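Working notes, beginning with the structure itself.
The values are calculated or read from the model by the stated rules, or taken from the named source; none is laboratory data. Just so we're clear, the structure is a prediction, and the values are computed from it rather than from any experiment. FYI the Cβ positions are ideal-geometry reconstructions off the backbone, even for glycines, and counts take in every protein chain you see. We work out accessible area using only protein heavy atoms, side chains counted, and drop any ligands, DNA or RNA first. Shrake-Rupley method; radii C 1.70, N 1.55, O 1.52, S 1.80 Å.
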Amino acid sequence: QVQLVESGGGLVQAGGSLRLSCAASGRTFSMYAMAWFRQAPGKEREFVATISGSGVRTYCADAVKGRFTISRDNTKNTVYLQMNNLKPEDTAVYYCAGRVSGALMSTADRYDYWGQGTQVTVSS
């Protein structure tokens, strides 16, 4: 069983930056592909970015490509989402997710573990 705890959300002005963190329990963190999803009010959960267990492979959604970067530190059991040039449409609850490592996946139902979410609000 893996437990995920997100942090780093908050209120920021458009054009600003935030870094989200997701701390994972367990001793096999490097075996898990990790991802970030987000969900805005009244909308479905949306894929943001994913990273392989080793951290070598990453994939980002077109909506955030060039602005967001996913990374991980397996020595700290933590995955990060660096968000730059934030826009009001990035406002959402951001969720960390994990699955046993394999092909990078962008659909929520392929992930086994989820955090509780952290709110990101971008003001215009």
* Please determine, by comparing only the residues of the range 76-104 that are at pLDDT below 95 and assigned to a loop (DSSP other than H, G, I, E, B), which one is least open to solvent (accessible area, probe 1.4 Å). => 102
* Residue tally, condition closer than 19 Å to residue 94 by Cβ, within 14 Å of the chain's Cα centre (by Cα) and among the small types (Gly, Ala, Ser), over the range 41-62 -> 2
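When you look at residue 6, is it among the acidic types (Asp, Glu) and free of Cβ contacts under 8 Å to residues at least 40 places away in the same chain, yes or no?
Numbers: among the acidic types (Asp, Glu): yes; free of Cβ contacts under 8 Å to residues at least 40 places away in the same chain: no.
No.
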* Unique residue being of a type in the set (Asp, Glu) and closer than 25 Å to residue 122 by Cα when the list is 109, 73, 90 -> 90
* Considering only the range 40-56, how many residues are part of a strand (DSSP E or B) and open to solvent by 60 Å² or more (accessible area, probe 1.4 Å)? -> 1
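Taking the condition open to solvent by 30 Å² or more (accessible area, probe 1.4 Å), in a strand (DSSP E or B), closer than 16 Å to residue 39 by Cβ and not small (Gly, Ala, Ser), does residue 59 pass? Don't jump to the end; show me each part of the working.
Values: open to solvent by 30 Å² or more (accessible area, probe 1.4 Å): yes; in a strand (DSSP E or B): yes; closer than 16 Å to residue 39 by Cβ: no; not small (Gly, Ala, Ser): yes.
When the stated conditions are applied, residue 59 does not pass them.
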* Asked: Any residue at all in the range 48-62 that is on the phi > 0 side of the Ramachandran plot and touching a strand residue (DSSP E or B) at 6+ places or on another chain (Cβ under 8 Å)?
  -> yes
* Out of the range 1-33, which residues are in a loop (DSSP other than H, G, I, E, B), under 21 Å from residue 112 (Cβ atoms) and open to solvent by 30 Å² or more (accessible area, probe 1.4 Å)? -> 1, 3, 25, 26, 27, 28
* Structure fact -> Per the filter on the range 9-32, residues closer than 19 Å to residue 75 by Cβ and modelled with pLDDT of 95 or more are 19, 20, 21, 22, 23, 24
